[in-house]
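Take a look at the structure set out below.
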């Protein structure tokens with residue numbers, strides 16, 4: 001099955017090589033919350049709004065429920081957490097104070113009060129709030145490191161580092177402890193100690209494998225430290241190690257350029273509040289890789305409460321908003337990224353794609369065109385803007401844009417395969433196959449084992465009844481490379497179907513549907529295959545299943561005809577037209 005071009009936001013990582021995992025965004029309805037006159041009604045409305053990720057309405061309804069039961073601890077807890085998650089930190093403090101002695105929620109209530117104390121530079125009070133009656137490993141590490149920063153703020157750097165070093169916990173504590181000990185030494189002017197601990201943390205690449213973003217931030221901090229000391233060569237060497245560990249990080253590239261140019265490099269963390277913000281960010285990042293979403297948003301919002309221009313936290317929080325299909329919030333967060341941030345360009349690209357996914361296509365196009373005017377050599381921008389054109393099915397504009405991108409690419413490298421792939425798709429959709437095929441071949445020349453290209457070109461040949469043997473081999477190779485990709489497995493099944501190998505088609509399409517049971521097109525294809533092998537009752541069931549999965553209008557129309565009449569005899573229609581396919585999934589991001 002060839003790839004469609006809708007929902008470009010969810011495939012930004014695939015298009016641009018940027019390691020962000022996102023889902024389609026959507027606009028919030030502009031309905032105002034209702035005034036509810038019963039406790040049960042307000043309570044239920046709050047939970048429904050929260051389940052729908054409409055936190056502003058949830059907050060309104062929780063407040064209405066609290067008017068009926070002002071001492072209800074569960075309501076206070078739900079309201080406090082919703083306020084924090086929505087970035088309304090100051091409002092949350094009233095409820096945090098009410099819940100400061102409630103064990104079930106003190107990990108957040110006392111954390112909020114500690115954050116407030118860091119704001120006020122009341123470091124003794126911050127240490128008090130960070131003492132919990134119940135602690136998980138995560139709580140112990142977070143409160144322990146923040147306590148260390150409070151001690152540093154109170155003027156006792158040695159005790160701060162010693163207290164962090166004494167924290168007991170699992171092996172994964174080690175990287176976070178050493179990184180923050182180095183930061184404290186650096187912020188306290190203990191240059192030799194900072195150098196020693198930064199270097200030891202950098203050498204611990206095994207720990208970096210389990211928390212790569214924190215390891216990379218240690219490399220940034222160490223390089224910044226060395227640059228401030230005037231050791232430019234060693235700073236660049238540290239960044240070389242970081243680049244080898246995780247190539248393509250924008251922060252590393254930008255810092256290298258600044259150090260090479262002799263720019264003044266500020267400390268990575270200069271104040272206790274920034275250090276507390278950093279550990280919240282570090283743990284949120286680690287949790288975001290392992291499925292701890294409920295904590296991620298809260299920790300990121302606490303990190304921003306301590307450091308509102310924390311660009312890494314803003315980008316991650318925007319990504320969480322995208323995962324929750326809240327495009328408007330994601331856009332607002334991307335707009336907060338400072339112009340000086342190395343993540344600003346990425347944020348501008350992502351902002352444009354969020355606009356497109358909210359069906360603000362004209363605004364998205366204008367935004368991405370303006371970005372390209374400033375960055376005419378940025379291939380990510382061509383791919384992003386081309387994606388918006390394609391989502392509008394304006395393949396002529398997409399093809400013209402990719403032509404310009406190829407003109408800019410004087411010597412294409414393996415990293416540029418996607419420009420040719422997307423240009424090939426645009427020309428194929430324009431039914432200009434003589435222009436499309438060379439682009440697919442060029443993409444495979446640059447990336448010989450790229451499964452998306454193998455799938456698209458192989459399927460196109462089979463669909464045109466040409467190069468059948470080579471096309472089928474390409475699709476099979478794509479399946480071998482991506483055996484869990486239901487869309488590519490469906491391509492193999494559909495190729496067999498087009499070739500009249502219906503038993504083989506059934507086998508592969510059943511596997512595709514087992515991998516992507518919610519996709520209407522795959523269910524439709526399986527119905528066709530069942531019909532051709534005489535399993536007509538199962539075919540009808542499969543088409544009905546596809547119909548109920550809310551397919552696109554063109555697919556729905558063909559399904560309704562099939563449910564009425566079935567498929568025509570093979571003699572009068574030897575090959576079925578392929579309905580428009582949904583997009584293949586984004587490859588899992590790394591880092």
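No value in this document is a laboratory result; all are computed from the given coordinates. Quick caveat, the model's predicted, so the values are computed rather than measured. Neighbour counts are summed over all protein chains in view; Cβ atoms, including those assigned to glycine, are modelled from backbone coordinates with ideal geometry.
Some points to look at:
- Short-range pairs are left out: with C-alpha atoms under 8 Å and at least six residues apart, the relative contact order of the chain is 14 percent.
- Residue ranges 226-232, 148-154 sort as 148-154, 226-232 when ordered by packing (mean number of other C-beta atoms within 10 Å per residue, highest first).
- Equivalent ellipsoid dimensions for region 336-411 as semi-axes, Å, which come from the Cα gyration tensor, largest first: 20, 17, 8
- Principal-axis tilt of helix 502-515 within the chain, Cα atoms, nearest 10 degrees: 20 degrees
- More than 20 Å apart - percent of Cα-Cα pairs taken over region 29-120: 35 percent
- FRET efficiency, residue 564 to residue 514 (Cβ-Cβ, R0 30 Å, nearest 0.05): 0.60
- Range of Cα positions in region 234-340 per principal axis (Å), largest first: 41, 29, 24
- Contact order for region 29-120, expressed relative to its length and based on alpha carbon pairs under 8 Å spaced 6+ residues apart, stands at 19 percent.
- For region 212-286, the square roots a ≥ b ≥ c of the C-alpha gyration tensor eigenvalues yield an a/c of 1.5 or more together with a/b not exceeding b/c, which makes the shape oblate.
- Kirkwood-based shape ratio for the chain, expressed as Rg/Rh from alpha carbons: 1.03
- Comparing Cα centroids, region 271-333 and region 226-267 end up 24 angstrom apart.
- Seen against the Cα atoms of the chain and their longest principal axis, helix 89-98 is set at about 60 degrees.
- Mean-position separation - Cα centroids, region 32-61 and region 480-539, in angstrom: 44 Å
- Of the peptides 403-409, 299-305, 363-369, 493-499, the order by per-residue mean of other Cβ atoms within 10 Å, starting with the highest, comes out as 299-305, 493-499, 363-369, 403-409.
- Here region 287-387 is described by how far its Cα atoms reach on the three principal axes: 37, 28, 21 Å, from widest to narrowest.
- With 0.36 nm allotted per residue and the present C-alpha distance subtracted, the residue 441-residue 533 stretch has 29.6 nm of extension available.
- Degrees between helix 212-229 axis and first principal axis of the chain (Cα, 0 to 90, nearest 10): 50 degrees
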